[in-house]
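The values are calculated or read from the model by the stated rules, or taken from the named source; none is laboratory data. Treat the numbers as computed from the prediction; the structure is a model and nothing was measured. Reconstructed Cβ throughout: ideal geometry from the backbone, glycine too, with neighbour counts over all protein chains shown. Note: accessible area is taken over every heavy atom of the protein model, side chains too, but ligands, DNA and RNA are not part of it. Shrake-Rupley method; radii C 1.70, N 1.55, O 1.52, S 1.80 Å.
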Amino acid sequence: MIDHKPIFCSFVDEQKLDIDVKLLEDFSYYVRENDEGRQISNCGGWQSNPLNIEIPELSGIMHYIFLSAERLIMKYNLPKKIAIDPLWININGKRDFNQYHEHPRSMFGGIFYIKAPKDCGDLVLINPITTHQHYIDPATIETFNEYNSYSYNVAPVDNKLVMFPAWVPHFTFPNESDEDRISIAFNVICES
């Protein structure tokens, strides 16, 4: 009998929500008008400074972020006390993108797409087993799966919440749309 056990597991959670994204879009532009922003992983575009998660306009999305994070934290058998720290807005115009990065000192990273027009640039998650690409030649793969894939693309869609382990490297393709791609990004941390 063979006991096949997946080890060193990663994941991506994607769920379509029903939140008033027009309210969040207006709020995002309001914040941009009143916040000079910062540059962390963004190439072009604008990224807000960390936001207070208790802002009334964020209450709908915060509810779903906490529900999703609590469900995921149970899979890891970690302390049930979590916090969202930080949370910020990204507005990427034509050809703007986010560089390859991770979210250190966090358990999960996440993105909620407020406005995601066609061709606005996929989120690309990279296999955290960094030596993977040296052993599996993609040209020999008939069908990609969780064992042989080097990357996984998430297509942005309005009202989509995406969460993944914070140690999974990721980036976005440039926005090739003539409209802004607007998202809220966040980190989930475990508190002791």
Of everything in the range 37-63 that's part of a helix (DSSP H, G or I) and of a type outside the set (Val, Ile, Thr), which residue is surrounded by the fewest Cβ atoms within 10 Å (Cβ to Cβ)?
-> Pro56
Would you list the strands (runs of 3 or more DSSP E) that sit entirely within the range 82-192 and hold 2 or more residues that are open to solvent by 60 Å² or more (accessible area, probe 1.4 Å) and touching a strand residue (DSSP E or B) at 6+ places or on another chain (Cβ under 9 Å)?
-> 151-154
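Out of all the residues in the range 80-102, is one or more closer than 23 Å to Pro6 by Cβ and either of a type in the set (Lys, Arg) or under 19 Å from the mean Cα position of the chain (by Cα) (or both)?
yes
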